[in-house]
1. List every DSSP H helix in the chain whose Cα atoms extend 20 Å or more along the helix's own long axis and whose mean Kyte-Doolittle hydropathy is at least -1.0.
2. Can you list which of the GluC sites (Glu not before Pro) found in the chain are DSSP loop residues with at most 15 other C-beta atoms within 10 Å?
3. With charges set only on the Cβ (+1 for Lys and Arg, -1 for Asp and Glu), what does the dipole of the chain come to about its Cα centre, in debye to the nearest 20?
Amino acid sequence: MNKHDRDNLNFLMNASKATLDDWYAKMDQDDIDYAFELLAQAKTELMLAELELMDVVENTDDADRAVIEILEKFDNK
């Protein structure tokens, strides 16, 4: 997303309801479709950022020990 797109997204995200109502009344379908594309792109970016945050694990020692303990219970039966 380029600066122009970001600026437009910022407008959509921060405009008041009255401003958006006025904008919507004046725009054609292509502009509305573009706005929805920007919102969809922003949603995808946020979802990817969330996944990256969830995927960052620096130390798995505790998880590794827990898995070994669980597997050992099955091996001993």
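1. Details: long enough: 29-55 (39 Å, 0.01); 61-75 (21 Å, -0.40).
Span-like helices in the chain: 29-55, 61-75.
2. On the way: sites: E37, E45, E50, E52, E58, E69, E72; in loops: E58.
Taking the chain and a limit of 15 other Cβ atoms within 10 Å, the loop GluC sites (Glu not before Pro) found are E58.
3. Details: 8 positive and 20 negative charges, 49 e Å.
It comes to approximately 240 debye.
Here, each number is a calculation from the coordinates, and none is a lab measurement. Only a predicted model underlies this, so the values are computations on that prediction, with no experimental measurement involved. Backbone-built Cβ (ideal geometry, glycine too); neighbour counts: all protein chains shown.
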